[in-house]
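Each reported figure results from applying straightforward, stated rules to the coordinates on display, with no laboratory input. Since the structure is predicted, the reported quantities are computational estimates derived from the model, not experimental observations. Backbone-built Cβ (ideal geometry, glycine too); neighbour counts: all protein chains shown.
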Amino acid sequence: MTHRDIAPEQRSTEVGPPLWLLAELTYRCPLQCPYCSNPLDFAHTQTELSTEQWMEVLRQGREMGAAQLGFSGGEPLVRQDLAELIGEARHLGYYSNLITSGIGLTKAKVDTFLEAGLDHIQVSFQASDSELNNALAGSRKAFEQKLAMARAVKEAGYPMVLNFVIHRHNIHQMNDIIDLCDRLDADYVELATCQYYGWAFRNREALMPSKTQLLTAETAVKSYRERLAASGSRMKLIFVTPDYYEERPKACMNGWGSLFLTVAPDGTALPCHSARMLPIDFPNVCETDLRTIWYDSPGFNHYRGDSWMPEPCRSCDEKARDFGGCRCQAYLLTGNADNADPVCSKSPHHDRVLAARRAADHATTGLEDLTYRNTENSRLFFRS
Ligand code: SF4
Ligand code: SF4
């Protein structure tokens, strides 16, 4: 794949600033979720930006107009400088969000982060009960720790956001999951059906629910929503539908290089956290300033606009709505990231999505069929 050469005057007039900055502080994580969106070969990337380098990234991002900042990973809590980075984010005027598994969090840290200026904590769970949660997380104590930390987050006065990735092994728990969130007095609950990138793509056959399972889950969420409204509860349920059961793709990241800028642990700058897999040379914040990366780098300009689009997207009257869908999904399913996202029923490769749906209808896979996200498996994968 070659880079496209776009004249600078053309770029800077068309492209707005990155409003959302995602700081992936580390790929280290004590858990092993088989749907993790980190790269399969994450173990190969051991370098992490220093505290000072991250602060410089935050400063440059804010100068360009970024307003929302996410700290994620891996597990961002393994970074000992997290409170310092939160303090700098507050000083710069970001609205900051910590995306965490809750492992490594303590009541004292919750309070320290609040004092440092953190606005928001999102705690992820794997399931509604300890047995399944811990099996999926690969940790015997994860569930109890998550419960304790969800309570600590609420007590400290943060808005409480709980996140569940939904797949065929926990989709039957929808009512139990929402019950649990209600008991924890969550403000927002993200029921995010698994999207198939990174480890989730590797495990797709063992994770993808059938259409019947999905419809049952959707109905459960809808009726729970009605009960919550009738009871005066303010808990919000956000059900994210899976791309593989749609006929049109989502406007991925609101368009390539449009709003979102991710910086990976080693400083690689990406238009989305999955894009590292693409055969594109992405720039690094250690070598290039963020402004140049965003406006002028070949990597960030690669899929801006629509001149790169082949048919059927090029002449499609819907291209301004979805930008041809997700480049990573196109790459994973067709081997060419330029193609229309195969989720689209107009794509000549849509049969691959239909085949995945059919396979999900007949799948008999169990937890033992999953490849867990850990350093050992990542190294094996890298060697292969
Ligand atoms: S998805 Fe699971 S394994 Fe991946 S970073 Fe989050 S907690 Fe860790
Ligand atoms: S053909 Fe391309 S632009 Fe048209 S709806 Fe499908 S993915 Fe979107």
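The table for this structure:
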item	result
Amide H contacts under 5 Å for Phe239, placed H, 5+ residues apart	Leu191
Residue order, fewest to most beta carbons within 10 Å, for His350, His169	His350, His169
Average Cα contact separation per residue, the range 270-384, under 8 Å, 6 or more apart, as relative contact order %	15
Other-chain or far-sequence residues with amide H under 5 Å of Cys272's (modelled H)	Thr262
Inter-label distance for Ala156 and Arg227, nm, one decimal - labels placed 7 Å from Cα along Cα-to-Cβ	3.1
Convex hull volume of the chain per residue (C-alpha atoms, cubic angstrom)	143
Added length on full extension, which subtracts the Cα-Cα distance from 0.36 nm per residue, Ala83 to Ser50	10.5 nm
Under the span-like rule (Cα at least 24 Å along the axis, Kyte-Doolittle mean at least -0.5), DSSP H helices of the chain	211-231
Separation of the Thr364 and Glu287 label points, Cα + 7 Å toward Cβ, nm	5.1
Residues of the range 181-199 with amide N under 15 Å of the 7 Å Cα→Cβ point at Arg234	185-189
Full-stretch length increase - Glu144, Thr216 - with 0.36 nm per residue and alpha-carbon distance subtracted	23.1 nm
Separation between Cα centres of the range 161-175 and the range 360-379, rounded to whole Å	17
Tail weight of P(r) past 21 Å, computed on alpha-carbon pairs of the range 1-147, percent	52
Which of His120, His91 has the fewest Cβ neighbours within 10 Å, and the rest in rising order	His91, His120
For the range 219-378: lysine pairs under 29 Å (alpha-carbon distance), excluding those fewer than 8 apart on one chain	6
Zone of Arg59's modelled label, taken as backbone nitrogen in the range 89-131 under 15 Å from a point 7 Å along Cα→Cβ	89-93
Burial ordering of Val15, Val189, fewest other beta-carbon atoms within 10 Å first	Val15, Val189
Loop-located chymotrypsin sites (Phe, Trp or Tyr not before Pro) in the range 8-78 whose Cβ has at most 11 other Cβ within 10 Å (DSSP)	none
Low-density loop positions, GluC sites (Glu not before Pro), the range 211-314 - DSSP coil, at most 15 other Cβ in 10 Å	Glu246, Glu247, Glu287
Gained length - Ser315 relative to Thr371, 0.36 nm times residue gap less alpha-carbon distance	16.1 nm
